[in-house]
Amino acid sequence: MLEYRRKDLDLSTRIFLGIEMLSPAEVRGWGRASELAEEYGISRSMLYQIKDRVQEALEAGLKPKPVGRPAEEKL
């Protein structure tokens with residue numbers, strides 16, 4: 001039976017799974033999601049949720065930000 005509050009799926013494992021799932025199926029191999037789900041004892045839908053969270057984190061961390069320091073205001 002699948003567990004959903006897995007304590008053994010630490011942050012590095014979740015990052016690995018998310019990055020693995022970010023690759024298109026043609027690249028990672030057909031059926032790889034099923035293999036990962038079975039290997040880690042989680043559902044395929046959970047894998048896709050982890051993928052979405054990793055993608056959101058990467059996009060937030062890598063999006064363009066304003067350049068330089070804020071200008072000093074002299075009164």
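The values are calculated or read from the model by the stated rules, or taken from the named source; none is laboratory data. Note that the coordinates shown come from a computational prediction; the quantities given were computed from them, not determined experimentally. Here the Cβ positions follow ideal geometry from the backbone for every residue, glycine too, while neighbour counts run over all protein chains shown. We work out accessible area using only protein heavy atoms, side chains counted, and drop any ligands, DNA or RNA first. Shrake-Rupley method; radii C 1.70, N 1.55, O 1.52, S 1.80 Å.
Some points to look at:
- As a summary of the residue check, Pro66 satisfies the conditions (1) open to solvent by 100 Å² or more (accessible area, probe 1.4 Å); (2) part of a helix (DSSP H, G or I) except for the one numbered (2).
- Residue within the range 4-18 that is acidic (Asp, Glu) and in a loop (DSSP other than H, G, I, E, B) present: yes
- Within the range 35-47, residues that are farther than 16 Å from Leu22 by Cα and touching a residue at least 40 places away in the same chain (Cβ under 8 Å) reach partners that are among the β-branched types (Val, Ile, Thr) and open to solvent by less than 60 Å² (accessible area, probe 1.4 Å) with beta carbons closer than 9 Å, at six or more positions or on different chains, in the pairs Ile42/Ile50.
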